[in-house]
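Q: One structure is given below, represented as structure tokens, and several questions about it will come after.
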Amino acid sequence: MWSKLGTYAGIALGGLDMWTNTLFGFSFFGTLKHGKSDAASLEPAAGHKPIDYPKPDGVLTFDRLSSVFLSNTNHEEDQPVHLKVKDMALQETSEYEVYAGPSARYCPAGVYEWVEENGAEKFVINAQNCVHCKTCDIKDPNQNITWVPPQGAKGRSIRICRRSPDRRM
């Protein structure tokens, strides 16, 4: 609602829609669509000023790796990388040169980074930090990164135990 109608109208009509949906089970507006995908909405970096983010203070804001640790996501050291880059040359020419490497910013876990190596920027994937949010699969401007389910239990199937509904805890 906000992106279509602005802040004040979006809040007012969103609140009305929420209450009618809660009380009467219908929505005046249905499902609104943005018109294009997240990947298509990304604009080239040349048209924008870089944002200077303040350093985390450890009280109100925290660094990414501390937050990844708190997510308790665990990957084995020898596990195959589950983040697939289709064309690394496209990643460097388009994602870095045109869009200024947004993967380093849109990934909440700091999985992707651009590191200078021999005078050139190199794309590095730290798959062990991945929290499986699939943002890279959705937001990558070229749809060049594919998230696949990670290998679990060393390639063996994982059995999920379900409690019988008549058993009490």
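Q: Collect the residues in the range 21-54 that are hydrophobic (A, V, I, L, M, F, W, C) and farther than 30 Å from Thr93 by Cβ, keeping them in residue-number order.
A: Once the filter is applied, which keeps residues that are hydrophobic (A, V, I, L, M, F, W, C) and farther than 30 Å from Thr93 by Cβ, the range 21-54 yields Leu23, Phe24, Phe26, Phe28, Phe29, Leu32.
Q: To continue, here is another question. Counting only residues that are in contact with a helix residue (DSSP H, G or I) (Cβ under 7 Å, 6 or more places away or on another chain) and either outside the structural domain of Val85 (by TED's automatic domain parsing) or within 13 Å of Val81 (Cβ to Cβ) (or both), which one in the range 123-138 is surrounded by the most Cβ atoms within 10 Å (Cβ to Cβ)?
A: By that ranking, first place goes to Cys136.
Q: Let me ask another. Restricting attention to the range 73-103, which residues are over 17 Å from Asn126 (Cα atoms) and among the β-branched types (Val, Ile, Thr)?
A: Once the filter is applied, which keeps residues that are over 17 Å from Asn126 (Cα atoms) and among the β-branched types (Val, Ile, Thr), the range 73-103 yields Thr93, Val98.
Q: Right, next: Of all residues in the range 1-29, which are assigned to a loop (DSSP other than H, G, I, E, B) and either aromatic (Phe, Trp, Tyr) or assigned by TED's automatic domain parsing to the domain that holds Lys139 (or both)?
A: Those that are assigned to a loop (DSSP other than H, G, I, E, B) and either aromatic (Phe, Trp, Tyr) or assigned by TED's automatic domain parsing to the domain that holds Lys139 (or both): Phe26, Phe28, Phe29.
Q: Identify all residues within the range 27-53 that are among the charged types (D, E, K, R) and either touching a residue at least 60 places away in the same chain (Cβ under 8 Å) or exposed (fewer than 10 other Cβ atoms within 10 Å of the Cβ) (or both); write none if there are none.
A: Hits for the range 27-53 are Lys33, Lys36, Asp38, Lys49, Asp52.
The values are calculated or read from the model by the stated rules, or taken from the named source; none is laboratory data. Keep in mind that this is a model prediction, so the values were computed, not measured. Methodologically, a virtual Cβ is constructed for each residue, glycine included, from the backbone with ideal geometry; neighbour enumeration extends over all protein chains shown.
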